[in-house]
1. How far is it, in nm, from the label point at A:Asp318 to the one at A:Thr567 when both lie 7 Å from their Cα along the line to the Cβ?
2. Counting Lys +1, Arg +1, Asp -1, Glu -1, what net charge surrounds A:Thr567 among other residues with beta carbon under 13 Å of its beta carbon?
3. In whole Å, how far is the Cα centre of region A:521-600 from that of region A:33-94?
4. HN-Hα J couplings of region A:517-523 from phi, Karplus 6.51/-1.76/1.60, θ = phi - 60°, integer Hz, Gly and Pro as x?
5. Using the basic label-point model (7 angstrom from Cα toward the beta carbon), what is the A:Arg473 to A:Ser331 distance in nanometres?
6. Could you calculate the contour length gain from A:Glu513 to A:Ala272, that is, 0.36 nm times the residue separation minus the distance between their Cα atoms, to one decimal place in nm?
7. Angle between the Cα long axis of helix A:337-351 and the longest principal axis of chain A, 0 to 90 degrees, nearest 10?
8. Take the Cβ-Cβ distance between A:Ser466 and A:Gln505 as r, set R0 to 35 Å, and report the resulting FRET efficiency rounded to the nearest 0.05.
Amino acid sequence: MTDLRRALSEAVGAAFASADLPAELGRVTASDRPDLADFQCNGALAAAKSARRDPREIGAQVVAQLRENPVFKSVELAGLGFINLRVANGVLSERVREISADERAGGQPAETARRVMIDYGGPNVAKPMHVGHLRSSIIGESLKRIFRFRGDNVLGDAHFGDWGFQMGLLIIAASDENPHWRAVAEELWRTPDGPKPQEEDRFIALLLEGLDLDTLDRLYPSAAAKAKQDEEFRDRARKATAELQAGKPGYLRLWRHFVAVSRKALQREFEALGIEFDLWKGESDADPLIPEMIETLKAKALLVQDQGAQIVRVAREDDKRELPPLLVVSSEGSAMYGTTDLATILDRRRTFDPQLCLYVVDQRQGDHFEQVFRAAYLAGYATDGSLEHLGFGTMNGPDGKPFKTREGGVLKLHDLIESAREKARQRLHEAGLGVELSEVAFEDTAHKVAMAAIKFADLQNFRGASYIFDLDRFTSFEGKTGPYLLYQAVRIKSLLRKAASEGAQPGLAVVEEPAERELALVLDGFDQAVSDAYAKRAPNFIAEHAYRLAQTFSKFYAACPVMGADTPAQRASRLAMAQTALRQLELSLGLLGLEAPERM
RNA sequence: GAUCCCGUAGCUCAAUCGGAUAGAGCAUCUGCCUUCUAAGCAGACGGUUGCAGGUUCGAGUCCUGCCGGGGUCGCCA
């Protein structure tokens with residue numbers, strides 16, 4: 001089963017071929033001018049260039065042949081040599097029936113399935129998620145679903161930031177803050193009258209009381225700030241980082257506590273966002289591979305000593321500017337984030353052997369990934385081109401600068417979600433929607449609406465661009481927003497419920513009216529949207545399609561009465577179209593990570 | 001300073017391999033609820049695509065320069 005665009009491309013390509021021109025010229029796209037055509041082909045223009053002939057002459061030849069084909073309702077040569085195509089209603093009807101019968105609503109799998117690793121989310125120990133994590137999470141989750149839908153074997157990894165210098169900072173900060181915590185770090189409790197081995201865990205738990213996420217959240221920023229100014233403090237933290245990585249028992253105990261506390265809270269937040277990771281691997285998991293990796297780098301003469309550190313030079317002669325080397329071992333002997341990233345590539349190769357690995361990380365880390373990727377290719381840890389950094393822009397405040405709270409701090413994700421939920425509740429009440437719902441169902445709807453508002457606002461933008469976060473606008477519930485999409489889906493569900501209660505069944509789709517034709521064409525465009533999103537790793541193509549679909553359905557809904565159709569056959573046809581539109585809409589929403597409620 | 005990204009309607013954003021009249025939403029204005037959820041639909045208004053050149057039959061898209069904004073440039077991630 002194939003979409004019309006591809007089927008028509010074959011027909012037009014054959015016409016080009018019989019005119020002794022390359023069949024690729026027959027590439028058909030959705031028309032730019034819906035008033036003139038359903039589809040168009042610009043191949044005659046391209047052919048004119050290489051064959052040095054008049055495009056209209058070539059076009060006329062192709063058009064003459066296509067007119068023989070009953071698939072087309074009309075074939076016109078327009079302008080400089082555009083070939084305008086309208087397809088017969090019967091062809092559209094048949095296509096709608098196909099999509100209707102297809103579990104995937106017309107979205108085709110990719111030709112060959114690959115093993116794909118997606119690294120996104122990037123939560124860190126001791127840092128509650130803030131708005132900066134939102135984009136990576138939302139975009140990464142959507143890409144994971146899109147790739148999976150296309151048939152790839154995909155694993156999503158949270159890549160938990162649990163290992164670098166920040167851990168040393170936290171250990172020192174916690175030790176300085178409270179003698180009990182210091183006792184754990186330094187194992188001071190190991191005295192002759194200290195706890196017996198079987199009591200140790202319970203004893204340590206007592207010592208660690210109060211060292212919760214809020215405390216970590218307070219300690220980390222102040223420690224990070226202090227390290228910038230206070231050289232002595234910074235050196236202690238660096239030393240602690242190296243000692244932790246060397247396996248100092250007290251530090252490990254403290255560290256495991258940080259990790260456990262953080263992870264529990266973070267998982268709750270991801271759950272609220274509707275984000276599920278297949279793997280929750282940490283940077284620390286790559287640590288055991290580092291010694292061996294260093295040996296390999298040495299054996300390949302890639303690792304060199306420089307200014308007390310060990311580095312891999314990744315600059316190339318044709319670089320327009322000098323790319324700094326990758327720091328593998330710091331002068332303190334500790335692993336840097338480039339070290340763990342490189343070791344993680346090795347780890348992934350051994351455990352999953354991905355053919356493609358996507359890093360959904362802030363654009364600002366572009367240089368870092370370039371360094372790591374080059375080092376990985378040099379070391380033979382990945383095949384050339386299999387590692388891709390998908391950078392995204394920042395989420396900005398109303399002033400166009402990176403998002404800050406009114407007080408100038410970083411907005412926590414939890415607070416952002418709650419304020420979106422509150423807005424959603426308000427708007428639902430204002431619109432008088434959801435009044436008949438139970439309190440639990442109402443909350444569930446409000447949550448879905450809030451998530452849709454936030455996620456759709458993000459995903460409708462091309463990921464590389466920055467955008468202005470404006471909660472009032474996203475939750476305004478009008479126009480091109482997530483809630484609009486949910487509303488349309490809910491409207492269709494309501495219609496189908498009504499039909500079911502009156503015993504009306506969907507039947508054979510027959511496309512007749514202009515609004516029905518338009519809906520059929522949009523339904524057909526799903527595969528194009530999915531393959532674009534897949535090829536460009538850009539969910540905004542799905543977002544655009546979902547919106548077009550919702551809007552086109554709404555037009556159809558206004559123009560074509562369903563339950564009040566003229567004949568039972570027409571009613572059955574329209575019900576089939578509504579049902580198909582709903583399934584494709586919900587599939588699209590699913591690819592974006594949105595979920596429509598049953599009622600609102 | 002070097003380098004990368006961005007600059008499109010009053011605002012927020014799209015735009016397929018370089019193709020026709022650059023599309024949406026918001027805002028403003030005009031219609032449409034005794035008929036399936038009006039968070040909707042139909043329509044109007046709104047543009048020298050930052051500026052100046054170049055390549056091309058054809059440029060928002062490719063090239064050069066300039067202006068404006070942002071990022072990055074070795075031991076933080």
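1. 6.6 nm
2. For residues surrounding A:Thr567, the net value is 0.
3. Each part's Cα centre sits 28 Å from the other's.
4. In residue order, the calculated couplings are 4, 4, 4, 4, 5, 5, 4 Hz.
5. With each label placed 7 Å out from Cα toward Cβ, I get 4.7 nm.
6. Fully extending the segment from A:Glu513 to A:Ala272 adds 82.5 nm.
7. On a 0 to 90 degree scale, this one is about 60.
8. So, using R0 = 35 Å, E works out to roughly 0.10.
The values are calculated or read from the model by the stated rules, or taken from the named source; none is laboratory data. Small disclaimer: the values here were computed from a predicted structure and weren't measured. Glycine gets a Cβ as well: all are built from the backbone with ideal geometry, and neighbour counts include every protein chain shown. For the accessible areas, the whole protein counts, side chains as well, though only heavy atoms, and no ligand, DNA or RNA atoms are used. Shrake-Rupley method; radii C 1.70, N 1.55, O 1.52, S 1.80 Å.
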